[in-house]
Structures are given as C-alpha cells and as structure tokens.
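Some notes on the structure that comes next.
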Amino acid sequence: MIRRPFLMKVLSLVCIGALLGVLLPAFAADATKYSNEELDQLTSPIALYPDDLVAQILMASTYPLEIVEAARWYKEHSSLSGNALQSAMQDQDWDPSVKSVVMVPDVLTMMNDHLDWTQDLGNAFLAQKQDVMQSVQRLRNKARSQGTLKSTSQQKVTYDSSTTIIQIAPTNPDVIYVPTYNPAVVYGTWPYPAYPPYAFYPYAGNVVSFGIGVAVGYALWGDCDWGRGDVNINVNNYNRFNHANIVNNRWDHDPYHRRGVGYKNPAVQSRYANRNPGIEHARDGFRGHEPGINRPGGIDRPGGGPNRPSIPNAPGGRIGGQGGVEHRMPNIPNAPRLGGDGSHPLHMNNGGGNIAQHNPGAFSGIQHEGSMGDSMRGHASMGSAPAPHFGGGGG
C-alpha cells in the first residue's frame, strides 16, 4: 500500500515538473528578446531608408546565407543592371526578397559586409516584428525633431501628426536613392551609451545626402505596414518582378531559404523549424512566394541540390539544425557551422558598441567582399534622370 506522504511527494514533483515545463520556455524566450536599446542600434543604419527598401531589407535579412551567395554571385555579374540583371537572376534559387536586394547593390554589399548585423536584424524581425517597426519609427521621429529628415528631390517624407507615423517614399517610384548619413549625428544625442548606433561607412556630415539613383522598376515589391507592425507585399510589383501570379499580400518567412541556419528565439525556432519545405512550397502561390519552382535536393536537404551556387571560402562545413542535428550542404563547401539557435554577436566596427548576451559570431570568419559602389559613402548626385520601369512580364 502506497503511503500518503510518499504519494504527496510524487504529486508535488509532478506539479513542479509541469510548472517548469511552462516557465522555462518563457524564460528562454525572454532571455533572447532584444531590448529597445538593441533594436534602435540595429535599425539605426536603415531607419531613414524609403519604406519599400526597409521592407526588402527586413525580409532578406532572415536569409543570411543566401545574402552571402547573392553577393558573391553579383561580384561576377556586376556589369549587369536593370532587365539584364533581373533576367540573369531568374535561375538562382534564392528567396524573392534576396533577389530584390541584389537590384540595389550597395545595400547587398552592406548586408554581406556586416553579416552578423544582418542575421541579428533578421532574428529580431522574426521574433519581434512590431518592436522592430516601432524602432524604425522612433528613430525617424528623432531625426525629424533634429531637422535631418525632410522631403527632397529624391524622396518624399510624410508625417501623420495623429499617429506620429513617418512614411518615406521615392519621388520617382522607378528610381531608388540610398540615403547616406551618420547615425551618430542625424538622430541627435544618442540616449543609449552602451548601444551606440552603427556607422558602417565613414561619413562626417550632419545631414542626409544621396548617391546616384538606381533604377529598380518593380524590384521593390515590399511595403511597411506601420499600423500592423509588419511588412506586406505589393502583389502587382511582386508578380511582375518574379514572373509569378500570387494573390496574397501577406508576407511570411520561408524556412526553406533559411538553409538550415538556426533561429535565435525558441518560439521562432518552434514555429519554423518543423515546417516541411516540400509542403511549404506547394503553398507558395498562395502565401507570397513564387509558385512552381523546382526545389532540388528533396525536402530533407535544406541546402542540397546540384544547382546550388558554391560558397568556396566560408568556414566550418555544416549548419546546425533543430535539436543539434547538422544538415550537410553538399554544394556549399566549408559553409559556416552555426548553432541550433543561430545566435551570435555583432563584430563589426561600431564605435565601441555591441549587443551583449550573444554567443560567438557564427559568420565572423566569412571573408566579406568590398563595397561595389560609392553611393553609401556620401557622393551626392541630385540630378540623376528618372529611369523607366523594367521588369518584364505581367502578372
């Protein structure tokens, strides 16, 4: 016969175990949450970019390995632009958001050169979309109060006094001008000394200037949904640029294009890591990705396939998956070995700031390519002529 005190001890242990099962995941998720200080540091280099470009960067940042592939591919095709560049990318097995970023080479270079920042931005966006979008608006309002964010011949700045939401749009939707500014200056006195804003490239001015306009046509199909704290899709532009026929304007992260890179946040890991890539892509035409694409390598090889471009000099060799399972990427020799949580700090020169509590950088050994243009370095060219739409093919 089981004694009552023993039974009570057993029941107590069961209750404690159940409670820990509920609390520990919550503690783990909270430990990986980015603070407002960290988010403002992360978004400081791009907060003053046009809305459409911000949306494309946020989406593409969730696919860091494909950014590496795209940057190295572009280095071999840097003579191409416009329709020729778009056509040359059609056979590349990258997420559409990555292909869009390729159309703005300076942004692609920035994301590749500072890959730790790119991955942290993507991790933050996947886990805290609304917080990231609020961070962008917070910084825009700081710049507006300093008089450094205003309408110009390159972009139109719209301020809604009832919501304090600031929208930025190119004056010519066919042409994008990448703003050049010193984040340590344009936002005024920075309130977080432990997390100074990132200044990726030297720029001593106290204003926002612009480089040469880039003809993008329909390439920038993302948009910022400030009210919902998310990004969405301009279906018409998406279909024209990607030769697709989607109908849903809601963007959703595609774990296939993550290429086995782990997710920092446990809730995000749980949301995406168990999704079947084969099933996911059967739904592509309904959820914002190009339908009917042939995914080489099968559903159990997130980086496989005979047509994958190679990344010849990246360190490691494996990419950690969920639960410590490592997926070999056969045609990306020496690809970086990432932990299951994909977490790591920012190692670029940022004026002494860093994001604390992060593990060693998964991408810190990758050889980054140099800049492919001067427009991020303060060379102003205010009078570039508008370019016509390109993009071929209707929806």
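Quick notes on this structure:
- Residue-wise HN-Hα couplings along the range 133-141, as the Karplus relation 6.51 cos²θ - 1.76 cosθ + 1.60 with θ = phi - 60° gives them from phi, are 5, 5, 4, 4, 5, 4, 6, 4, 5 Hz; Gly and Pro carry x.
- Nearby lysines by direct alpha-carbon distance to Lys142 (threshold 27 angstrom, same-chain neighbours under 8 apart not counted): Lys33, Lys129, Lys150, Lys156
- Close amide H contacts of Thr180 (hydrogens built in the peptide plane, cut-off under 5 Å, sequence separation of 5 or more or a different chain): Ser209, Phe210, Gly211.
- Centre separation in Å (Cα based) which lies between the range 183-244 and the range 153-170: 13
- Cα-based shape type of the range 192-272, given that a ≥ b ≥ c are square roots of the gyration tensor eigenvalues and the cut on a/c is 1.5: oblate
- Taken about its Cα centre, the range 166-255 carries a charge dipole of about 120 debye when Lys and Arg each add +1 at the Cβ and Asp and Glu each add -1 at the Cβ.
- Accessible area in square angstrom per residue, the range 32-160, 1.4 angstrom probe: 27
- Using the Karplus relation 6.51 cos²θ - 1.76 cosθ + 1.60 with θ = phi - 60°, the per-residue 3J(HN,Hα) values for the range 74-81 come to 5, 4, 8, 10, 5, 6, 8, 7 Hz, with x marking Gly and Pro.
- The share of accessible area on the range 195-240 that comes from carbon and sulfur is 49 percent, using a 1.4 angstrom probe.
- 5 angstrom amide H check on Asp230, placed H, neighbours 5+ away: Asp225
- Per-residue Karplus couplings for the range 250-257, computed as 6.51 cos²θ - 1.76 cosθ + 1.60 with θ equal to phi - 60°, are listed in order as 8, 7, 9, 4, 9, x, 4, 6 Hz, Gly and Pro entered as x.
The values are calculated or read from the model by the stated rules, or taken from the named source; none is laboratory data. Fair warning: this is a prediction, and the values are worked out from it, not measured in the lab. Using ideal geometry, Cβ is built from the backbone for each residue, glycine included, and neighbour counts are taken over all protein chains shown. In case anyone asks, the SASA skips ligands and DNA or RNA and just uses the protein heavy atoms, side chains included. Shrake-Rupley method; radii C 1.70, N 1.55, O 1.52, S 1.80 Å.
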